[in-house]
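Computed from the coordinates by the stated procedures, all read-outs in this text should not be read as laboratory data. Remember, predicted model here, so these are calculated numbers, not experimental data. Cβ placement follows ideal geometry from the backbone for every residue including glycine, while neighbour counts extend to all protein chains displayed.
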Amino acid sequence: MKRAEGRKVPVLRFGRIFDCVTDAERRKLAEVQTIFRKAFPDSTGYADKIPDLIARRAALGFDIALLTAEDERDRVLGFALAFHFPSIQYAYLDYIATDPDVRTRGLGGALYEALREHLGRKGARGLFMDVPPDDPAKVSDPARVPLNKNRLRFYERYGALPIVGTQYDLVPEGERYDPPHLVFDPLGRSAPLARADARKTVRAILTRKYGWDPEHPYVARVVESFRDDPIRLRPPRYVTAERSPEPEHGRLRPLKVLVAEKHEIHHVREVGYVERPVRVEAVLRGLEGLPVERRPVRHYGEEAIRAVHDPDFVSYLGAACSKLDPAEPIYPYVFPLRRPERKPRDLPTRAGYYCIDTFTPLTPNAYPAARAAVDCALSGADLLLRGEQLVYALCRPPGHHAERRVYGGFCYFNNAAIAAERLASRGKVALLDIDFHHGNGSQDIFYKRADVLVISIHGHPSDAYPYFSGFADERGEGEGVGFNINYPLPDGVDDDRYLDVLGRALVAVRAFRPTWLVVSLGFDIMRGDPTGAFTVTPPGMRRIGEAIGRLGEPTLVVQEGGYSRRNLTAGARTFFTGLARAWF
């Protein structure tokens with residue numbers, strides 16, 4: 001292929017390939033394989049093994065980090081493939097390459113920086129890699145010596161240096177290749193590499209990456225040759241006077257924001273009704289100046305809603321709302337505690353059959369507004385499926401109190417659950433609810449399933465709405481046992497206490513190993529919210545965002561509660577600043 005001389009890359013974005021279950025991921029993986037075959041013509045067969053590595057990563061004992069660098073048309077220009085060993089908190093760089101047929105000055109450095117940042121968010125304490133030797137006596141083809149030196153010079157710029165004093169470069173009997181350096185990048189950490197950590201990682205590299213039998217004498221000989229403690233690194237040879245480059249933040253795709261269309265039509269003009277249109281305006285003020293990109297909302301049919309909610313319930317909401325007088329909203333007042341199979345014929349009277357409280361009204365605009373909020377969440381889910389990493393669906397009305405066959409708590413359809421259901425068709429989903437009130441709807445919808453982990457941190461149901469659900473012993477049923485986790489908390493929970501519980505919740509999320517993360521976000525956990533009793537501050541919201549962002553999973557944030565204008569603005573600014581800081 002002819003080199004594209006003089007071509008410049010106007011926009012550089014980074015993505016990640018997870019499970020190759022979407023059309024976008026399969027296309028990008030094919031482009032990665034094409035680049036691999038061009039960049040490594042002596043190892044083209046390895047390109048065919050990449051899908052199997054991704055599919056079998058859990059069995060092989062490591063996570064796959066396959067990052068892609070893309071242009072404005074989502075065409076892959078380069079990739080980095082690394083293995084992360086979570087149990088020992090180190091990683092191994094397998095391959096990194098850019099398209100040889102595209103002029104991409106600086107792309108390799110930007111891609112390596114993105115990989116370092118990603119591994120750092122995942123908790124890796126260092127990155128190992130094989131690099132061909134720069135000693136002419138160890139290189140079979142003298143023409144490769146300058147190239148090998150350039151590679152080592154590149155990594156030295158990041159503080160990555162060859163490990164010395166070991167037999168890692170020992171070539172096994174019967175093999176023929178230039179003995180590589182084992183290079184170690186501390187990922188910006190100042191702590192030296194301990195011998196025990198080096199031995200564990202080298203053993204993992206030899207057995208999990210290269211497939212050596214753990215009992216083979218070669219493995220023992222190489223591992224035991226790491227005797228120095230801490231491990232010694234070769235002094236820099238090429239860039240001793242240079243300062244290692246700082247990571248270039250902001251290169252990863254910015255936060256994509258979607259806003260529910262015409263949400264303002266749902267406006268209950270009654271004193272004390274706090275779920276008002278001004279909430280969206282307050283949140284958008286908080287996002288001003290942050291690295292965000294507005295995206296349009298697509299329109300969907302009822303099929304996705306009926307996949308989560310009872311069709312009879314969906315039909316009722318549509319029929320009841322369409323026949324109402326704008327001046328006469330329906331408030332449920334009669335509930336079927338006895339003889340629930342006997343539905344009233346009168347639509348207004350029947351509201352109590354489908355509602356859990358007396359303060360969530362039906363109006364002519366409730367149904368179309370709820371449908372628009374669902375469109376917003378589904379559009380966000382589809383952005384993740386197309387390869388985006390961080391998406392915010394600013395939904396109104398909220399949704400997490402809507403169960404399979406009932407509405408309530410200002411919620412009509414469960415936006416987050418509908419989005420999670422769509423994502424669950426392409427991989428496991430963790431749904432983390434950090435609204436002050438228990439996400440009873442999300443719990444009810446996924447209570448018997450193991451493919452969606454539902455975690456809710458909320459005010460104790462003995463004292464907080466919805467009162468009847470959210471206790472710690474509600475852990476799921478059938479296949480879902482253990483996949484529903486509640487953290488009910490007393491009034492007065494502050495920043496540190498909340499972060500402590502959130503830390504435990506995130507441990508469970510990591511153990512679940514989701515493909516997607518959906519966050520039901522409520523700013524009613526902040527001090528001064530008229531419906532909540534926690535005392536989380538704006539700095540606390542930033543820390544919460546940072547903690548969630550460090551998961552490094554493709555994330556859809558869905559707006560739920562929060563009814564103080566000041567908190568909505570301050571909370572949005574600090575939460576998404578923290579989330580972006582951890583991600584980007």
Whole-Å distance, taken between Cα centres, linking the stretch 506-520 and the stretch 391-420: 19
Angle between the chain longest axis and helix 278-287 axis [Cα atoms, degrees, rounded to 10]: 20
Within the stretch 384-474, chymotrypsin sites (Phe, Trp or Tyr not before Pro) in DSSP loop having at most 16 other beta-carbon neighbours inside 10 Å: Tyr467, Phe468, Phe471
Percent of Cα pairs exceeding the 22 Å cut-off, where the set is the stretch 13-224: 52
Förster-model FRET efficiency, 35 Å R0, Phe40 and Arg221, C-beta, rounded to 0.05: 0.80
For the stretch 153-198 versus the stretch 122-146, the gap between their alpha-carbon centres in whole angstrom: 8
Difference of contour (0.36 nm per residue) and Cα-Cα distance, Arg404 to Ala511: 35.8 nm
14 Å beta-carbon shell around Arg566, net charge (K/R +1, D/E -1): +2
Degrees between helix 565-583 axis and first principal axis of the chain (Cα, 0 to 90, nearest 10): 20
For Arg371, net neighbour charge (Lys/Arg +1, Asp/Glu -1) across residues whose Cβ lies under 13 Å away: 0
Charge sum, other residues only, whose C-beta stays under 15 Å from Thr577's C-beta, Lys/Arg counted +1 and Asp/Glu -1: +4
Candidate aspartates and glutamates - alpha carbon under 18 Å from Lys138, same-chain residues fewer than 8 apart omitted: Asp130, Asp169, Glu173, Glu175, Asp178
Three-way shape label, the stretch 349-492, alpha-carbon gyration tensor, a/c 1.5: oblate
On Cα atoms only, tilt of 195-204 relative to the major axis of the chain in degrees: 80
Translational diffusion coefficient (Stokes-Einstein; Kirkwood radius from C-alpha pairs) of the stretch 12-121 at 25 °C, 0.890 mPa s, in µm²/s: 174
More than 15 Å apart - percent of Cα-Cα pairs taken over the stretch 59-137: 59
Within the chain, longest stretch clear of exposed GluC sites (Glu not before Pro) (DSSP loop, no more than 12 other Cβ within 10 Å): 342-476
Correct option for Rg/Rh (Cα atoms, Kirkwood Rh) [calculated from the coordinates] among (1) 1.04; (2) 1.31; (3) 0.95: (1)
Reciprocal mean inverse distance between Cα atoms of the stretch 70-196 - Kirkwood radius, Å: 16.0
The stretch 371-446: Rg to Rh, with Rh as the Kirkwood radius over Cα pairs: 0.94
Simple spin-label estimate for Tyr467 and Ala137 in nanometres, 7 Å along Cα-Cβ: 8.4
Dipole-positive endmost among Ala39, Phe62, Leu362 within the chain (Cβ charges, Cα centre): Ala39
